[in-house]
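*Asks:* Starting off with a structure, shown below.
The values are calculated or read from the model by the stated rules, or taken from the named source; none is laboratory data. Predicted model only: the values in this text are computed from it and were never measured. Using ideal geometry, Cβ is built from the backbone for each residue, glycine included, and neighbour counts are taken over all protein chains shown. Note: areas computed on protein heavy atoms with side chains; ligands, DNA, RNA excluded. Shrake-Rupley method; radii C 1.70, N 1.55, O 1.52, S 1.80 Å.
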Amino acid sequence: MIEGATSFPRWAEPAGESRASRAVHAELLARWSEPHRRYHTRDHLAAVLAAIDLLPGEAGDEAAVRLAAWFHDAVYDGRPGWDEERSAQLAQSRLPRCGVPARRVSEVARLVRITAAHDTLAPGDRDGAVLCDADLAVLGGPGYDAYARAVRQEYAHVPDDLFAAGRSEVLRRLLATPVLFRTPRARELWEEPARANMTAELAALAAAQTGRDQPL
């Protein structure tokens with residue numbers, strides 16, 4: 001059992017313990033367990049929830065942030081933007097059944113949509129800052145290499161050269177941002193190791209590409 005992703009009380013805290021809530025919880029676990037996933041799995045969900053735990057008092061509505069974590073990759077077909085929109089719509093469909101107030105449902109859907117492009121987060125968005133920081137915490141964690149391999153596996157259909165080019169562009173864009181993490185605690189925990197991890201991956205991608213370009 002994966003702590004956080006499969007423990008019902010972690011879901012029940014913000015979603016309640018009704019029969020409908022249990023049904024939605026089971027549906028979400030099934031979605032996060034889909035066989036085509038490699039990185040966006042229950043392990044990722046558990047990691048995001050655990051990262052939120054490390055940022056206490058930062059969010060304005062922590063319940064909404066936790067619910068958004070559960071839904072943020074609930075629909076995952078490898079289609080950036082589309083996946084987040086469908087996940088937000090799923091939250092809007094399922095959470096009212098659990099008795100979650102309409103205002104919080106709207107906030108959850110907004111937060112899920114933000115995860116499509118973290119750099120669109122508006123200044124002063126406390127809930128968005130916590131969710132985005134928790135979602136990106138993997139960049140500064142000890143499991144970065146496993147994360148990078150899992151991302152590659154999710155894009156196994158993409159040729160090596162095209163993947164390397166696209167992944168390198170993502171890494172360069174992230175490294176170019178003045179600050180990766182919005183909350184002070186997240187910066188303290190993950191900013192420096194995240195930059196070191198991404199810089200190392202970028203160098204490895206460049207080296208691998210150079211090796212492929214060498215004549216036999």
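*Asks:* Can you tell me which of 167, 173, 182, 149 is of a type in the set (Lys, Arg), free of Cβ contacts under 8 Å to residues at least 60 places away in the same chain and farther than 24 Å from residue 75 by Cα?
*Replies:* Among 167, 173, 182, 149, only 173 is of a type in the set (Lys, Arg), free of Cβ contacts under 8 Å to residues at least 60 places away in the same chain and farther than 24 Å from residue 75 by Cα.
*Asks:* If I filter region 137-153 for residues that are acidic (Asp, Glu) and within 21 Å of residue 89 (Cα to Cα), do I get at least one hit?
*Replies:* Checked against the condition, which is being acidic (Asp, Glu) and within 21 Å of residue 89 (Cα to Cα), region 137-153 yields no hits at all.
*Asks:* Any residue in region 81-91 that is part of a helix (DSSP H, G or I), small (Gly, Ala, Ser) and either modelled with pLDDT under 95 or closer than 22 Å to residue 143 by Cβ (or both)?
*Replies:* no
*Asks:* State all residues of region 32-42 that are crowded, with 20+ Cβ neighbours inside 10 Å and assigned to a helix (DSSP H, G or I); if no residue qualifies, say none.
*Replies:* If the condition is that a residue be crowded, with 20+ Cβ neighbours inside 10 Å and assigned to a helix (DSSP H, G or I), then 32 is the only one that fits.
*Asks:* Can you confirm whether region 1-13 contains a residue that is modelled with pLDDT under 95, within 13 Å of residue 95 (Cα to Cα) and either part of a loop (DSSP other than H, G, I, E, B) or open to solvent by less than 20 Å² (accessible area, probe 1.4 Å) (or both)?
*Replies:* The initial filter retains those residues of region 1-13 that are modelled with pLDDT under 95, namely 1-13.
When the remaining residues are screened for being within 13 Å of residue 95 (Cα to Cα), the result is 11-12.
This time we only want the ones that are either part of a loop (DSSP other than H, G, I, E, B) or open to solvent by less than 20 Å² (accessible area, probe 1.4 Å) (or both), so: 11-12.
Scanning region 1-13, I find at least one residue that is modelled with pLDDT under 95, within 13 Å of residue 95 (Cα to Cα) and either part of a loop (DSSP other than H, G, I, E, B) or open to solvent by less than 20 Å² (accessible area, probe 1.4 Å) (or both), so the answer is yes.
*Asks:* On to the next question. Would you point out the residue of region 102-133, among those that are charged (D, E, K, R), at pLDDT 95 or above and open to solvent by 40 Å² or more (accessible area, probe 1.4 Å), that is farthest from the chain's Cα centre (by Cα)? Full working, then the answer.
*Replies:* Step one: list which residues in region 102-133 are charged (D, E, K, R), which gives 103-104, 107, 110, 113, 119, 125-127, 133.
Narrowing further to those that are at pLDDT 95 or above: 103-104, 107, 110, 113, 125-127, 133.
With the extra rule that they be open to solvent by 40 Å² or more (accessible area, probe 1.4 Å), the set shrinks to 103-104, 110, 113, 126.
On the way: 103: 23, 104: 20, 110: 15, 113: 11, 126: 17 Å.
If we take residues in region 102-133 being charged (D, E, K, R), at pLDDT 95 or above and open to solvent by 40 Å² or more (accessible area, probe 1.4 Å), then 103 is farthest from the chain's Cα centre (by Cα).
*Asks:* Whether any residue in region 59-78 is farther than 25 Å from residue 124 by Cα and in a helix (DSSP H, G or I) is what I want to check.
*Replies:* The answer is no; no qualifying residue exists.
*Asks:* Still on this model: When the residues of region 180-192 are narrowed to those that are among the aliphatic types (A, V, I, L, M) and not in a loop (DSSP other than H, G, I, E, B), which ends up surrounded by the most Cβ atoms within 10 Å (Cβ to Cβ)?
*Replies:* Here the residue is 186.
*Asks:* Hey, any hits in region 61-71 for a residue that's without any contact (Cβ under 8 Å) to a residue 40 or more places away in the chain and open to solvent by 10 Å² or more (accessible area, probe 1.4 Å)?
*Replies:* No: zero hits.
*Asks:* Can you tell me which of (1) touching a His at 6+ places or on another chain (Cβ under 7 Å); (2) open to solvent by 70 Å² or more (accessible area, probe 1.4 Å) is the one residue 79 doesn't meet?
*Replies:* Condition not satisfied by residue 79: (1).
*Asks:* Here is a follow-up. Which helices (runs of 4 or more DSSP H) sit wholly inside region 124-179 and have at least 1 residues that are aromatic (Phe, Trp, Tyr) and closer than 14 Å to residue 191 by Cα?
*Replies:* On the way: elements: 126-136, 144-154, 160-176.
It comes to 144-154.
*Asks:* Is there any pair linking a residue in region 21-44 that is at pLDDT below 95 to one that is hydroxyl-bearing (Ser, Thr, Tyr) and in a helix (DSSP H, G or I), with Cβ under 8 Å and at least six apart or on different chains, and which?
*Replies:* So the pair list comes out as 39/147.
*Asks:* Of the residues in region 114-123, how many are part of a helix (DSSP H, G or I) and either closer than 13 Å to residue 69 by Cα or hydroxyl-bearing (Ser, Thr, Tyr) (or both)?
*Replies:* Total meeting the criteria: 2.
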